[in-house]
Amino acid sequence: MPLALFALALSAFGIGTTEFVTMGLLPDVAADLHTSVPTAGNLVSAYALGVVIGAPLLAVIGVRMARKHLLILLMSVFVAGNLLSALSPDFGWALAGRFISGLPHGAFFGAGSVVAARLAPKGREGRAIATILLGLTTANIIGVPAATLLGQDLGWRATFLVVTAIGVVAVAGLALLIPYQPVEPGQSLRRELRALRKPQVLLGLATAVFGFAGVFAVYAYLSSITTHVMGLGESSVLWVLALAGVGMTIGVAAAGPLTDRAARPTAYAGLAGLALALTVFHFTAHIVWIALPMVVVLGATGFLMTAPLQTMVIRYAADAPTLSAASNHSAFNLANAGGVWLAGAGVAAGWGWMSTALVGAVLATAGLAIALTAGYLDRGSRTTPPGPDRPLRTRVAVGREKRVDRAGAVTGHSGS
């Protein structure tokens, strides 16, 4: 793995750890800050709100910045937010720290994905983007369990101090290892907004919202499903969540090469597989020896769609991809909030814990329908994005074009 991608993956590992670790530390946080566990749960919502607001906002602010400088700035904000969380004297400051920590999330993955795609050899953009996402999913296997245990033993503040240290190392790695890429000619907010308004970009974002909501409709309630449906003890919850993380990592690892071969079919496979897996899980969750492997399958199929959706958004918005790529991560977090809310409404209505799987299956099916619609509109369309063997073309002056290959090399030729 190129060292530049390693720096991006390490940053993603820190972001993934801080995003999910709070869920396992809510009782400790509530006790220390003298509030209730449900109120402490707002720390999770504050982070998600920061992601949704920060992704487009910081991407817009960074439009005219070199992407290396933007990545360093975003991770510095991440460090500041986690340090504030660790040192917060009361719940209000902790809430502010979580919101600030979430602000750079989407913009970082957006800009980081663009940098990875530009650095990758032609035809290997999907693998490069998947490498960054592997840092995020690995956090669910290693970072979150380790940080949770650390927080339970030494206090929740120690967890955020460690995450802060990871962020500092990541900033140094980005500064040392990411090559400087100058701001692309003509880069502007208007250009970014024009790219974001493209129908295929909007359909890609809608696919992410509905499809990924199917993942979180169940993932958010996996702890309760483990104890109330599978019949396992509370001590098993951490390991069941780790199994989900293993599945997510498998899905992202497979998505890289599959995306480079055929991005859209890979997205179809992830969405269809997720809908099927959720349906099977609904009927078999009470059978432990089936349920545990299905948790892995759910994570794998759900995260199989991440790299192709991100890659297609970047390809469709190739002349101004930063805002569109960042917005894709806002879409993922809207999916998080929406999937949890819809599945929770089913539980509150008395449909039982496993109704979450059926809600997730419906959402994944809706995402698949949107993706198929986008694919149908692509047939014979002149807006079909360039594939690995087809260079991007961007008109840069009257009577002249530049050909930009997938690694970012540029050659000019005269046009008629």
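The values are calculated or read from the model by the stated rules, or taken from the named source; none is laboratory data. Quick caveat: nothing in here was measured; it's all calculated off a predicted structure. With ideal geometry, Cβ positions are generated from the backbone for all residues, glycine too; neighbour counts draw on all protein chains shown. Quick note on the areas: whole protein, heavy atoms, side chains included, nothing else; ligands and nucleic acids left out. Shrake-Rupley method; radii C 1.70, N 1.55, O 1.52, S 1.80 Å.
Points worth noting:
- Evaluation of Tyr180 against (1) more than 22 Å from His34 (Cβ to Cβ); (2) touching a helix residue (DSSP H, G or I) at 6+ places or on another chain (Cβ under 6 Å); (3) buried (at least 18 other Cβ atoms within 10 Å of the Cβ) (one fails), failing number: (3)
- Of the residues making up the stretch 161-196, those that are in a loop (DSSP other than H, G, I, E, B) and modelled with pLDDT of 80 or more number 3.
- Filtering Ala208, Ala217, Ala195 for residues that are among the aliphatic types (A, V, I, L, M), more than 30 Å from Ala244 (Cβ to Cβ) and touching a residue at least 40 places away in the same chain (Cβ under 8 Å) leaves a single hit, Ala195.
- Beta carbons closer than 6 Å, at least 6 apart along the sequence or on distinct chains, pair a first residue in the stretch 101-118 that is closer than 16 Å to Glu192 by Cα with a second that is open to solvent by 10 Å² or more (accessible area, probe 1.4 Å) and among the aliphatic types (A, V, I, L, M) for Ala107/Leu58.
- Filtered by the rule that a residue be free of Cβ contacts under 8 Å to residues at least 24 places away in the same chain and of a type in the set (Gly, Ala, Ser), the stretch 319-354 gives Ala345, Gly346, Ala348, Ala349, Gly350, Gly352.
- Some residue of the stretch 194-207 being within 19 Å of the chain's Cα centre (by Cα) and open to solvent by 50 Å² or more (accessible area, probe 1.4 Å): yes
- Residues of the stretch 281-291 satisfying the condition of being open to solvent by 30 Å² or more (accessible area, probe 1.4 Å) and touching a helix residue (DSSP H, G or I) at 6+ places or on another chain (Cβ under 6 Å): His282, Ile290
- If you go through the stretch 165-174 and pick out every residue that is open to solvent by 10 Å² or more (accessible area, probe 1.4 Å) and in contact (Cβ under 8 Å) with a residue 60 or more places away in the chain, you end up with 5.
- Qualifying residue in the stretch 293-310 (condition: closer than 23 Å to Gly106 by Cα, crowded, with 19+ Cβ neighbours inside 10 Å, among the aromatic types (Phe, Trp, Tyr) and in contact (Cβ under 8 Å) with a residue 60 or more places away in the chain): yes
- Check on Val21, open to solvent by less than 10 Å² (accessible area, probe 1.4 Å) and at pLDDT 80 or above: yes
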